[in-house]
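Student: Here it is: the structure, laid out below.
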Amino acid sequence: MRKCILFDLDGTLTESGEGIVKSVQYALEKMGKPEPDAAKLRVFIGPPLIEQFMEYSGMNRAEAENAVVYYRERYEATGIFENRPYPGIEEMLKALKEKGCLLAVASSKPEFYVLKILEHFHIRDYFDEVVGATMDEKRTGKADVIAEALKRLKLGEKRESVFMVGDKAHDVIGARKTGIPCIAVSYGYGTMQELLPEKPFRIVQSVDELQALLLSL
(Lines give C-alpha, C1' and ligand atoms only; values in the text may rest on other atoms or scores of the structure.)
Protein backbone atom coordinates (compact mmCIF):
# COMPACT_ATOMS: atom_id res chain seq x y z
CA MET A 1 0.00 0.00 0.00
CA ARG A 2 1.27 3.50 -0.85
CA LYS A 3 2.08 5.72 2.10
CA CYS A 4 -0.55 8.45 2.49
CA ILE A 5 0.10 11.74 4.26
CA LEU A 6 -2.69 14.13 5.25
CA PHE A 7 -1.55 17.70 5.89
CA ASP A 8 -3.22 20.42 7.91
CA LEU A 9 -3.03 23.80 6.14
CA ASP A 10 -2.76 26.71 8.60
CA GLY A 11 0.44 26.48 10.61
CA THR A 12 1.61 23.36 8.79
CA LEU A 13 1.82 24.17 5.09
CA THR A 14 1.28 27.93 5.24
CA GLU A 15 2.01 30.76 7.65
CA SER A 16 -1.49 32.21 7.65
CA GLY A 17 -1.71 33.91 11.03
CA GLU A 18 -1.76 37.54 9.89
CA GLY A 19 -4.86 37.23 7.72
CA ILE A 20 -6.76 35.10 10.22
CA VAL A 21 -5.98 37.26 13.24
CA LYS A 22 -6.82 40.53 11.48
CA SER A 23 -10.10 39.06 10.25
CA VAL A 24 -10.96 37.86 13.76
CA GLN A 25 -10.21 41.35 15.08
CA TYR A 26 -12.53 42.79 12.45
CA ALA A 27 -15.30 40.36 13.44
CA LEU A 28 -14.92 41.00 17.17
CA GLU A 29 -15.05 44.76 16.58
CA LYS A 30 -18.28 44.30 14.62
CA MET A 31 -19.69 42.17 17.45
CA GLY A 32 -18.89 44.83 20.05
CA LYS A 33 -16.12 42.76 21.62
CA PRO A 34 -12.92 44.48 20.38
CA GLU A 35 -9.57 42.84 21.05
CA PRO A 36 -6.56 45.07 20.27
CA ASP A 37 -3.99 42.46 21.36
CA ALA A 38 -3.39 40.37 18.24
CA ALA A 39 -1.23 37.87 20.13
CA LYS A 40 -4.24 36.72 22.15
CA LEU A 41 -6.06 35.81 18.94
CA ARG A 42 -3.52 33.25 17.73
CA VAL A 43 -5.80 30.63 19.33
CA PHE A 44 -8.13 31.16 16.34
CA ILE A 45 -5.57 29.77 13.90
CA GLY A 46 -6.54 26.21 13.09
CA PRO A 47 -9.64 25.26 15.10
CA PRO A 48 -13.21 25.63 13.76
CA LEU A 49 -14.23 29.28 14.00
CA ILE A 50 -17.69 28.96 15.53
CA GLU A 51 -16.43 26.93 18.48
CA GLN A 52 -13.49 29.27 18.93
CA PHE A 53 -15.63 32.43 18.97
CA MET A 54 -17.89 30.77 21.56
CA GLU A 55 -14.98 29.68 23.74
CA TYR A 56 -12.96 32.88 23.47
CA SER A 57 -15.70 35.48 23.78
CA GLY A 58 -18.50 33.64 25.55
CA MET A 59 -20.80 34.01 22.53
CA ASN A 60 -23.79 31.75 22.06
CA ARG A 61 -23.97 29.79 18.82
CA ALA A 62 -26.12 32.35 16.98
CA GLU A 63 -23.71 35.15 17.92
CA ALA A 64 -20.73 33.04 16.87
CA GLU A 65 -22.36 32.35 13.52
CA ASN A 66 -22.78 36.11 13.02
CA ALA A 67 -19.13 36.61 13.96
CA VAL A 68 -18.12 34.10 11.28
CA VAL A 69 -20.11 36.09 8.70
CA TYR A 70 -18.18 39.24 9.66
CA TYR A 71 -14.90 37.31 9.68
CA ARG A 72 -15.50 36.15 6.13
CA GLU A 73 -16.25 39.71 4.96
CA ARG A 74 -12.64 40.68 5.58
CA TYR A 75 -11.04 37.28 5.05
CA GLU A 76 -12.46 36.79 1.55
CA ALA A 77 -11.44 40.28 0.45
CA THR A 78 -8.01 40.55 2.05
CA GLY A 79 -7.10 38.04 4.73
CA ILE A 80 -6.97 34.92 2.61
CA PHE A 81 -3.77 36.07 0.90
CA GLU A 82 -2.09 37.58 3.99
CA ASN A 83 -0.40 34.23 3.99
CA ARG A 84 2.60 32.34 2.57
CA PRO A 85 3.93 28.77 2.41
CA TYR A 86 6.64 28.01 4.94
CA PRO A 87 10.10 27.89 3.33
CA GLY A 88 10.85 24.41 2.03
CA ILE A 89 7.24 23.24 1.78
CA GLU A 90 7.12 22.95 -2.00
CA GLU A 91 10.46 21.14 -2.09
CA MET A 92 9.18 18.68 0.52
CA LEU A 93 5.95 18.02 -1.39
CA LYS A 94 7.92 17.45 -4.58
CA ALA A 95 10.24 14.96 -2.85
CA LEU A 96 7.30 13.06 -1.36
CA LYS A 97 5.52 12.85 -4.71
CA GLU A 98 8.70 11.62 -6.38
CA LYS A 99 8.83 8.86 -3.78
CA GLY A 100 5.28 7.84 -4.74
CA CYS A 101 3.42 9.05 -1.67
CA LEU A 102 -0.29 9.80 -1.76
CA LEU A 103 -0.77 13.37 -0.49
CA ALA A 104 -3.88 15.18 0.72
CA VAL A 105 -4.91 18.26 2.66
CA ALA A 106 -7.29 17.84 5.61
CA SER A 107 -8.14 21.26 7.04
CA SER A 108 -10.82 22.73 9.29
CA LYS A 109 -10.83 25.80 7.02
CA PRO A 110 -13.68 25.79 4.47
CA GLU A 111 -12.68 23.73 1.45
CA PHE A 112 -13.44 26.61 -0.93
CA TYR A 113 -10.74 28.71 0.78
CA VAL A 114 -8.28 25.84 1.01
CA LEU A 115 -8.43 25.32 -2.75
CA LYS A 116 -8.03 29.04 -3.46
CA ILE A 117 -4.93 29.21 -1.24
CA LEU A 118 -3.29 26.12 -2.71
CA GLU A 119 -3.96 27.36 -6.25
CA HIS A 120 -2.72 30.87 -5.42
CA PHE A 121 0.61 29.48 -4.24
CA HIS A 122 0.81 26.96 -7.09
CA ILE A 123 0.94 23.86 -4.89
CA ARG A 124 -2.51 22.41 -5.58
CA ASP A 125 -1.20 19.85 -8.08
CA TYR A 126 0.91 18.08 -5.46
CA PHE A 127 -2.24 16.82 -3.72
CA ASP A 128 -4.34 13.84 -4.73
CA GLU A 129 -7.25 15.15 -2.66
CA VAL A 130 -8.15 18.36 -0.83
CA VAL A 131 -10.69 18.26 1.98
CA GLY A 132 -11.84 21.11 4.18
CA ALA A 133 -14.82 22.19 6.21
CA THR A 134 -18.17 22.91 4.61
CA MET A 135 -19.21 26.55 4.33
CA ASP A 136 -22.31 25.85 6.45
CA GLU A 137 -20.00 24.68 9.26
CA LYS A 138 -21.60 21.21 9.39
CA ARG A 139 -18.23 19.55 8.75
CA THR A 140 -15.58 21.38 10.77
CA GLY A 141 -14.27 18.97 13.37
CA LYS A 142 -10.85 17.53 12.53
CA ALA A 143 -11.98 13.92 12.89
CA ASP A 144 -14.84 14.53 10.45
CA VAL A 145 -12.50 16.19 7.95
CA ILE A 146 -9.99 13.34 8.20
CA ALA A 147 -12.75 10.76 7.81
CA GLU A 148 -13.96 12.52 4.66
CA ALA A 149 -10.42 12.59 3.26
CA LEU A 150 -10.00 8.86 3.88
CA LYS A 151 -13.36 8.21 2.24
CA ARG A 152 -12.46 10.18 -0.89
CA LEU A 153 -9.08 8.46 -1.07
CA LYS A 154 -10.82 5.07 -0.65
CA LEU A 155 -8.75 4.37 2.44
CA GLY A 156 -11.57 4.00 4.95
CA GLU A 157 -10.56 0.43 5.75
CA LYS A 158 -6.84 0.73 4.93
CA ARG A 159 -5.27 3.08 7.44
CA GLU A 160 -2.05 1.32 8.40
CA SER A 161 0.10 3.52 6.12
CA VAL A 162 -1.72 6.83 6.72
CA PHE A 163 -0.24 9.71 8.75
CA MET A 164 -1.67 13.09 9.72
CA VAL A 165 0.61 16.14 9.99
CA GLY A 166 -0.56 19.17 11.96
CA ASP A 167 0.48 21.88 14.38
CA LYS A 168 -2.33 21.96 16.94
CA ALA A 169 -3.73 19.66 19.61
CA HIS A 170 -6.97 19.27 17.69
CA ASP A 171 -4.99 17.75 14.80
CA VAL A 172 -3.57 15.09 17.11
CA ILE A 173 -6.94 14.44 18.74
CA GLY A 174 -8.75 14.23 15.40
CA ALA A 175 -6.19 11.80 14.03
CA ARG A 176 -6.47 9.62 17.13
CA LYS A 177 -10.26 9.51 16.80
CA THR A 178 -9.90 8.22 13.24
CA GLY A 179 -7.26 5.66 14.14
CA ILE A 180 -4.20 7.21 12.51
CA PRO A 181 -0.96 8.59 14.01
CA CYS A 182 -0.26 12.32 13.95
CA ILE A 183 3.12 13.97 13.46
CA ALA A 184 3.06 17.37 15.16
CA VAL A 185 5.08 20.33 13.92
CA SER A 186 6.28 22.86 16.47
CA TYR A 187 7.05 25.58 13.92
CA GLY A 188 3.33 26.40 13.50
CA TYR A 189 0.80 27.95 15.86
CA GLY A 190 0.45 25.21 18.44
CA THR A 191 2.52 25.21 21.61
CA MET A 192 4.53 22.41 23.17
CA GLN A 193 2.28 22.81 26.22
CA GLU A 194 -0.76 21.78 24.19
CA LEU A 195 0.97 19.19 22.01
CA LEU A 196 2.92 17.15 24.57
CA PRO A 197 -0.08 15.98 26.64
CA GLU A 198 -1.73 14.61 23.48
CA LYS A 199 1.28 12.33 22.80
CA PRO A 200 1.63 12.69 19.02
CA PHE A 201 3.55 10.04 17.09
CA ARG A 202 6.46 12.48 16.78
CA ILE A 203 7.12 16.21 17.17
CA VAL A 204 9.39 17.89 14.61
CA GLN A 205 10.91 21.35 14.80
CA SER A 206 11.26 22.36 11.14
CA VAL A 207 10.14 21.63 7.59
CA ASP A 208 13.51 20.00 6.89
CA GLU A 209 13.07 17.69 9.87
CA LEU A 210 9.52 16.90 8.77
CA GLN A 211 10.68 16.03 5.25
CA ALA A 212 13.42 13.74 6.55
CA LEU A 213 10.98 11.94 8.85
CA LEU A 214 8.27 11.48 6.20
CA LEU A 215 10.76 10.16 3.67
CA SER A 216 12.08 7.67 6.22
CA LEU A 217 8.74 6.18 7.26
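Student: For residue 3, give me every one of the lysines with a C-alpha distance below 27 angstrom, ignoring sequence neighbours fewer than eight places off in its own chain.
Tutor: Excluding near neighbours in sequence, the set is 94, 97, 99, 109, 116, 142, 151, 154, 158, 168, 177, 199.
Student: For every helix of n ≥ 4 consecutive DSSP H residues, a contribution of -39,500 (n - 2.57) applies; sum these over the chain, divide by its total residues, and give [θ] at 222 nm rounded to the nearest 500 deg cm²/dmol. Kindly include the intermediate steps, with their values, before the conclusion.
Tutor: Values: 9 runs with 94 residues, N = 217.
Mean residue ellipticity at 222 nm (helix-derived): -13000 deg cm²/dmol.
Student: Follow-up. HN-Hα J couplings of the range 136-149 from phi, Karplus 6.51/-1.76/1.60, θ = phi - 60°, integer Hz, Gly and Pro as x?
Tutor: 7, 6, 7, 10, 10, x, 4, 4, 5, 5, 4, 4, 5, 4
Student: Same structure, new question: How large, in percent, is the carbon and sulfur part of the accessible surface of the range 109-217 at a probe radius of 1.4 Å? Spell out each step's value before the answer.
Tutor: Working: 2660 of 5090 Å².
Carbon and sulfur together cover 52 percent of it.
Student: Just to confirm, what accessible area per residue do you get for the range 57-155 at 1.4 Å probe, in whole Å²? Mind dumping the intermediate values first?
Tutor: Working: 4510 Å² over 99 residues.
I get 46 Å² per residue for this part.
Student: Per residue, how much accessible area does the range 157-198 show when a 1.4 Å probe rolls over the protein heavy atoms, in square angstrom? Could you put the intermediate results ahead of the total?
Tutor: Details: 1780 Å² over 42 residues.
I get 42 Å² per residue for the range 157-198.
Student: Which three extents, in whole angstrom, do the alpha-carbon atoms of the chain cover along their principal axes, largest first?
Tutor: Answer, in whole Å and largest first: 52, 31, 30 Å.
Student: Can you list the aspartates and glutamates whose alpha carbon sits under 15 Å from that of residue 40, skipping same-chain ones fewer than 8 residues off?
Tutor: 18, 29, 55
Student: Next up: With the Cα gyration tensor of the range 115-217 in hand, give its eigenvalues times 5 under a square root as the equivalent ellipsoid semi-axes, listed largest first in whole angstrom.
Tutor: Values for the range 115-217, descending: 21, 17, 16 Å.
The values are calculated or read from the model by the stated rules, or taken from the named source; none is laboratory data. Given the structure is predicted, the values throughout are model-derived calculations rather than measurements. With ligands, DNA and RNA removed, areas are computed over all heavy atoms of the protein, side chains included. Shrake-Rupley method; radii C 1.70, N 1.55, O 1.52, S 1.80 Å.
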